[in-house]
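First comes the structure, then the notes that go with it.
The values are calculated or read from the model by the stated rules, or taken from the named source; none is laboratory data. Small disclaimer: the values here were computed from a predicted structure and weren't measured. Neighbour counts run over all protein chains shown; Cβ positions are idealised from the backbone, glycine included. Accessible surface areas use protein heavy atoms only, side chains included; no ligands, DNA or RNA. Shrake-Rupley method; radii C 1.70, N 1.55, O 1.52, S 1.80 Å.
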Amino acid sequence: MRSTEEFRPPVTSIGAIGWIRQNLFSNFFNSLLTLLILYFLCRTLPSFINWAVIDAVWWSDGRTCNQINGACWSVITKNLRFILFGFYPYEQQWRPVLSICLLAAFIVYSSFRRAWNKHLPIAWLVGLVLIGLIMRGGVFGLPSVETEKWSGISLTLLLSIFGLSAAYPFGVILALGRRSRLPAIKTLCVLYIELIRGVPLISMLFMASVMFPLFLPEGITINKILRAQAAIVMFTAAYIAEVVRGGLQAIPRGQYEAAESLGLNYYQKMRLIILPQALRTVIPPTVSILISAFKDTSLVVIIGLFDLLRTTQVTLSNPEWTGFSTEAYLFAAFIYFMGCFVMSNFSRRLATKQYT
Amino acid sequence: MHGSVPRFAELMEEFERQVKTGKMTNPTLSPKNITPEPIIRIIEMHKWFGEFHVLNDINLSVNRGERIVICGPSGSGKSTLIRCINRLEEHQRGKIIVDNIELTNDIKNIERIRAEVGMVFQHFNLFPHLTILENLTLGPIRVRKLPRSEAEDLAVYFLEKVHIAEQASKYPGQLSGGQQQRVAIARSLCMKPKVMLFDEPTSALDPEMVKEVLEVIMQLAEEGMTMLVVSHEMGFAKSVAHRVLFMDYGQILEENTPVEFFSNPRHDRSKLFLSQILH
């Protein structure tokens with residue numbers, strides 16, 4: 001009689017051992033690399049954990065920090081409200097907090113497929129206006145806070161979100177204009193895109209804040225934040241235009257022809273057939289540009305605006321906290337990382353939608 | 001082509017019989033079904049792609065209810081000819097008049113003509129991001145300005161006509177080639193066009209699906225739709241066409257009824273062409 005014993009796969013190919021074998025030691029070169037990395041981690045990780053967690057202090061003041069060897073996270077905890085909210089009036093800082101919570105709620109809501117219908121952009125618009133009102137004040141009995149006082153993370157988020165929301169449609173229009181057959185429009189768009197892509201964002205911010213007011217007549221000033229916002233929008237739109245143009249080129253000619261042969265006009269053809277497909281195709285590079293733009297908002301320090309990075313710097317200029325720049329910048333990096341991570345996660349989920 | 005060989009055999013026999021007895025057994029081929037007013041008139045039309053003279057002095061008149069099959073070797077300009085009719089290609093000289101509207105650079109005219117001329121492509125060109133139903137209702141809602149419910153009823157009617165009603169909520173990517181082409185035909189029909197253009201509708205299909213699509217086109221033919229078909233399906237041409245046009249090097253070399261064309265080709269080039277496909 002045949003044995004009915006079940007044959008299990010060899011123990012070295014399944015479970016934890018199997019995973020290690022396949023992913024870390026699959027061939028000679030990989031094994032070498034694994035060993036090197038393990039060695040490197042053994043040398044650095046214990047001392048890092050020692051510094052960051054074990055010897056660290058979290059709630060003390062500056063003097064105590066100078067006497068210990070560990071990380072001084074108190075530079076963050078003691079100055080948190082200034083780092084995050086800058087010069088926003090102390091008692092009113094619940095308003096930026098509320099705004100950020102609302103924004104987070106909107107983002108989480110938008111990440112569910114079921115929410116993706118044509119009401120979503122309108123909901124976002126209403127939400128953004130609401131957030132703007134909460135921050136600005138002057139209504140519902142809220143004391144008004146001028147935009148000059150918005151700093152820290154509020155400024156970073158403001159410049160990013162309004163900047164990207166405006167730059168995206170502007171970029172799409174530029175891309176369509178660049179593919180136009182009318183020579184005037186095409187030349188204009190090409191010139192704009194190539195000029196803007198040829199200069200760094202810093203120089204655009206300089207021009208916006210320093211040179212632009214020189215051309216304005218006496219007495220008229222434009223809000224500094226508005227100028228910075230315009231520079232960021234103009235800059236990002238040029239890059240988005242090129243990415244969208246790539247997407248438009250990737251759509252097969254047959255789609256254009258089928259739309260035309262049905263009798264759709266240019267606007268209908270683009271809005272209903274071509275752009276939905278093209279924009280979906282170029283989601284990965286578009287989100288890369290948006291992530292870069294989010295981080296580029298830190299450049300407004302050049303024109304004297306107090307975004308998250310600048311408020312961190314200001315905290316460090318306080319003699320009590322000088323010398324703890326590592327901890328402070330690690331924290332700022334962490335916040336930027338969270339923002340970028342949310343965006344790339346969102347893009348990955350958008351991009352995996354199949355037409356099924 | 002290979003899958004049409006069995007059909008050839010049957011049709012060749014039928015064809016021989018018809019020639020011998022001088023009788024046509026397909027009632028829709030009777031000239032009574034053609035109204036004498038021309039719906040398409042092409043007068044001395046020329047087209048160049050840069051230096052290349054792709055269409056050379058085309059003169060063609062198509063009456064309502066008439067069915068024309070255009071055949072010829074590749075590169076002869078057959079597809080370009082029918083694409084000029086709905087302005088997917090622009091002609092440089094001569095006149096094209098569709099439904100009494102002249103085809104010029106005026107975008108309004110072009111859009112009016114395109115609403116009356118339906119086109120079915122070799123590679124289907126369905127919109128992949130819309131469901132089948134949405135593919136069909138897009139034209140009627142946006143161009144004919146029909147309300148959504150009416151457009152959907154229309155779409156369901158034509159989906160049933162091409163025997164594909166159960167796929168209405170699927171996406172094109174989930175359908176086979178033959179099914180996609182039938183949806184493409186239904187999509188054009190939803191615009192209630194006066195003329196249908198077919199640009200090698202079965203060339204991208206495998207033999208089994210060729211049959212199902214040809215059956216749909218024949219059904220349309222029986223209902224009196226005016227159509228211009230560019231095709232290599234000679235059996236189809238014989239049983240459905242009122243006229244066969246043979247093109248080569250951008251010219252219409254021969255224009256005749258199918259019976260005459262296949263039995264007595266006059267031009268040397270057509271004789272060569274027929275000998276190679278009717279072995």
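What 222 nm value per residue comes from the helices of chain A, counting each DSSP H run with n ≥ 4 as -39,500 (n - 2.57) and dividing by all residues, nearest 500 deg cm²/dmol?
The per-residue figure over chain A is -21000 deg cm²/dmol.
Please express the shape of chain A as an equivalent ellipsoid: the semi-axes are the square roots of 5 times the eigenvalues of the C-alpha gyration tensor, given largest first in whole angstrom.
One finds semi-axes of 40, 38, 21 Å for chain A.
Using Cα-only point scatterers and the Debye equation, what is log10 of I(q)/I(0) for chain B at each q in 0.07, 0.09, 0.16, 0.17 Å⁻¹, rounded to two decimals?
For chain B at q = 0.07, 0.09, 0.16, 0.17 Å⁻¹, log10 I(q)/I(0) is -0.25, -0.43, -1.35, -1.48.
Explain nothing, just the number: dipole magnitude of the stretch B:218-279 about its Cα centre with +1 on each Lys and Arg Cβ and -1 on each Asp and Glu Cβ, in debye rounded to the nearest 20.
Result for the stretch B:218-279 is approximately 180 debye, rounded to the nearest 20.
Only Cα pairs under 8 Å and at least 6 apart count here; give the relative contact order of the stretch B:183-262 as a rounded whole percent.
Reported as a whole number, the value is 25 percent.
Between B:Leu253 and residues 5 or more places away or on another chain, which pairs have amide H atoms under 5 Å apart, with H built 1.01 Å from N, and which residues are they?
Correct list: B:Phe246, B:Met247, B:Asp248.
At 1.4 Å probe size, with the rest of the protein present, what percent of the exposed accessible area of chain B is carbon and sulfur atoms?
Percent of accessible area from carbon and sulfur atoms in chain B: 50.
Multiply the residue gap between B:Glu260 and B:Glu215 by 0.36 nm, knock off their C-alpha separation, and tell me the result in nm, one decimal place.
13.8 nm
Quick one: work out the % antiparallel among DSSP beta bridges in the protein assembly as shown, nearest 5.
So the antiparallel bridges in the protein assembly as shown amount to around 50 percent.
Report the residue, chosen from A:Arg43, A:Arg178, A:Arg136, that carries the largest GNM mean-square fluctuation when chain A is represented by alpha-carbon nodes joined by springs under 10 Å.
Ranking A:Arg43, A:Arg178, A:Arg136 by mean-square fluctuation puts A:Arg43 first.
Within the protein assembly as shown, which cysteines find no other Cys whose Cβ is under 4.7 angstrom from their own?
A:Cys42, A:Cys101, A:Cys189, A:Cys340, B:Cys71, B:Cys84, B:Cys190
From the alpha carbon gyration tensor of the protein assembly as shown, can you work out the equivalent ellipsoid semi-axes (sqrt of 5 times each eigenvalue) and give them in Å, largest to smallest?
With the √(5λ) rule applied to the protein assembly as shown, the semi-axes are 66, 33, 22 Å.
So if I average 1/r over every pair of distinct C-alpha atoms in the stretch A:229-304 and take the inverse, what Kirkwood radius in Å does that give?
This gives a value of 14.2 Å.
What residue among A:Met207, A:Met343, A:Met270 has the largest mean-square fluctuation in a Gaussian network model of chain A, using Cα springs under 10 Å?
A:Met270
Would you please name the chymotrypsin sites (Phe, Trp or Tyr not before Pro) within the stretch A:255-356 that are DSSP coil residues with at most 15 other C-beta atoms within 10 Å of their C-beta?
Those that pass, being in a loop and sparsely packed, are A:Tyr355.
Whole Å is fine, so just give me how far the alpha carbon centre of the stretch A:87-137 lies from that of the stretch B:204-241.
58
Can you list residues from other chains, or at least 5 along the same chain, whose modelled amide H is less than 5 Å from the amide H of B:Ile39?
Long-range HN contacts for B:Ile39: B:Val62, B:Asn63, B:Arg64.
For the cross-link pairs B:Lys161/B:Lys194; B:Lys145/B:Lys192; A:Lys78/A:Lys149; A:Lys269/B:Lys145; A:Lys118/B:Lys108; B:Lys170/B:Lys194, which exceed 23 Å when the distance is taken from alpha carbon to alpha carbon?
Result: A:Lys118/B:Lys108; B:Lys170/B:Lys194 exceed 23 Å.
Can you give the Rg to Rh ratio of the stretch A:87-164, both from alpha-carbon atoms, with Rh computed by the Kirkwood formula?
Ratio of gyration radius to Kirkwood radius: 1.00.
Quick one, could you list the DSSP H helices from chain A stretching 20 Å or more along their long axis (Cα atoms) with average Kyte-Doolittle hydropathy of 0.0 or above?
Membrane-span-like by this criterion, though nothing is claimed about a membrane: A:28-49, A:94-110, A:119-136, A:153-178, A:183-197, A:224-250, A:325-351.
Over the alpha-carbon set of the stretch B:213-266, work out the extent along each principal axis and list the three values in angstrom, largest first.
Cα extents, longest axis first: 31, 23, 17 Å.
Rounded to the nearest 0.05, what FRET efficiency is calculated for B:Glu102 and B:Gln276 with R0 set to 35 Å and r the Cβ-Cβ distance?
0.35
Quick one: Karplus J couplings for the stretch A:213-222, per residue in order, coefficients 6.51, -1.76, 1.60, θ = phi - 60°, nearest Hz, x for Gly and Pro?
Per residue, the Karplus-derived 3J(HN,Hα) values read x, 5, 8, 7, x, 3, x, 9, 10, 9 Hz.
I need the per residue convex hull volume for the stretch A:4-54, using only the alpha carbons, in cubic angstrom as a whole number.
In the stretch A:4-54, the Cα hull volume divided by residue count equals 92 Å³.
Would you mind giving the total buried accessible surface between chains A and B, with a 1.4 Å probe and ligands, DNA and RNA left out, rounded to the nearest 100 Å²?
Looking at A and B, the buried total is near 2000 Å².
When the helices in chain B are scored as -39500 (n - 2.57) per DSSP H run of 4 or longer and the sum is shared across all residues, what 222 nm value do you end up with, to the nearest 500 deg cm²/dmol?
-12000 deg cm²/dmol
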